[in-house]
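Below is one structure, written out as structure tokens; the observations come after it.
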Amino acid sequence: MPSSLPADYHMHTPLCRHASGTPEAFVAHALSLGLPEIGFSDHNPMPQPFDDWRMLSEDLPAYFTWIDQARAAAANRIPVRMGLEVDWIDGGSSWIHELAAMAPWDYFIGGVHYLGSWNFDNPSLTSGFSSLGIEAAWDRYWQLFADAARSGCFDIMAHPDLIKKFGHRPKGDLDRWYVPAITAVAEAGIAIEINTAGLFKDVAEMYPAPRFLELARAADIPLTINSDAHAPEDCGRAFSAAVSLAKAAGYTELARFSARQRTSVPLD
């Protein structure tokens, strides 16, 4: 029977220009933790230069080599999956389909980091919350999140409430944003992740919030648990706390991915 420990599918490489480590170091750390699978999902290239925190199109061969080196280091002791964390940009779905045809990917993780031209995820650009307004930022974020989920481009939606990263939350009941987003994910039949990286950001809370996770479980949305690692020591970080969060929301299974097909294993 497959191990019911979480697989860590959200890990980055130095090709994105803000991560560190070697394939061998990532594999060694995952093995030391007893993880059953890992997968790399670096920030996708764009068809033309876009920002300074993703791989370039010409880096894709180096990315494939990175995965090959990780698989060689694993020596059949642990599966190493190949994915991408792909930004959802209005009008960008044709490029995502092109990327999907470029390699035998195991999964695509969809992420929203931009509201128009504003990279709200960037700590040097948080003034955008003041100029746009927190409620307007949340409105735009969650609409893009739902659009991404319904696009048919993705297998997993990343850090579902990333918009809270710096602690910006509107007042009142947040279900008015959560429920439509969960409906979109459920209708698309795709998974979400618990992303432990939020614990180490200003918000000091995993993505998504417990309430969002409870609603996702009630809607039978499949779940992965990921670290968003940017260094080998981040792999599997805070997974026991994430497992507890998943159980508290009522989850009893975790999703696994291979060749863009989803299976499930028990959550022990």
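The set of residues in the range 28-70 being crowded, with 17+ Cβ neighbours inside 10 Å and either more than 23 Å from VAL112 (Cβ to Cβ) or touching a residue at least 60 places away in the same chain (Cβ under 8 Å) (or both) consists of HIS29, ALA30, LEU35, PRO36, GLU37, ILE38, GLY39, SER41, TRP66, ILE67, ALA70. Criterion applied to VAL203, VAL185 was being at pLDDT 95 or above, surrounded by 14 or more Cβ atoms within 10 Å (Cβ to Cβ) and assigned to a loop (DSSP other than H, G, I, E, B), and the one residue passing it is VAL203.
Summed over the range 145-198, residues that are over 17 Å from the mean Cα position of the chain (by Cα), farther than 19 Å from ALA219 by Cβ and of a type outside the set (Phe, Trp, Tyr) total 6.
Mind listing just one residue for me: the one in the range 83-116 that is among the charged types (D, E, K, R) and either touching an Asp or Glu at 6+ places or on another chain (Cβ under 6 Å) or surrounded by 15 or more Cβ atoms within 10 Å (Cβ to Cβ) (or both) and, of those, nearest to LEU132 (Cα to Cα)?
Applying the filter and picking the extreme gives ASP87.
Scanning the range 62-116 for residues that are under 22 Å from ALA191 (Cβ atoms) and assigned to a helix (DSSP H, G or I) yields ILE67, SER93, ILE96, HIS97, LEU99, ALA100.
Test ALA197 against the criterion of being over 17 Å from PRO6 (Cβ atoms) and at pLDDT 95 or above, and give yes or no.
no
Within the range 234-246, the set of residues being loosely packed, with under 14 Cβ neighbours inside 10 Å and either β-branched (Val, Ile, Thr) or over 14 Å from ALA209 (Cα atoms) (or both) comprises SER240 only.
Of all residues in the range 115-157, those satisfying the criterion of being of a type in the set (A, V, I, L, M), closer than 22 Å to TRP95 by Cα and in contact with a Phe, Trp or Tyr (Cβ under 8 Å, 6 or more places away or on another chain) are LEU115, LEU144, ALA148, ILE156, MET157.
Restricting attention to the range 117-134, the residues that are assigned to a helix (DSSP H, G or I), surrounded by 13 or more Cβ atoms within 10 Å (Cβ to Cβ) and not aromatic (Phe, Trp, Tyr) total 3. Contact map, the range 152-180: first residue at pLDDT 95 or above, second residue among the polar types (S, T, N, Q) and part of a loop (DSSP other than H, G, I, E, B), Cβ cut-off under 7 Å, separation 6 or more or different chains; pairs are PHE166/THR126.
Could you list all residues from the range 225-268 that are closer than 21 Å to HIS12 by Cβ, of a type in the set (D, E, K, R) and outside any helix (DSSP H, G or I)? ASP228, ARG237, ARG256, ARG260, listed by residue number.
The values are calculated or read from the model by the stated rules, or taken from the named source; none is laboratory data. Remember, predicted model here, so these are calculated numbers, not experimental data. Here Cβ is always computed from backbone atoms with ideal geometry, including for glycine, and neighbour counts include all displayed protein chains.
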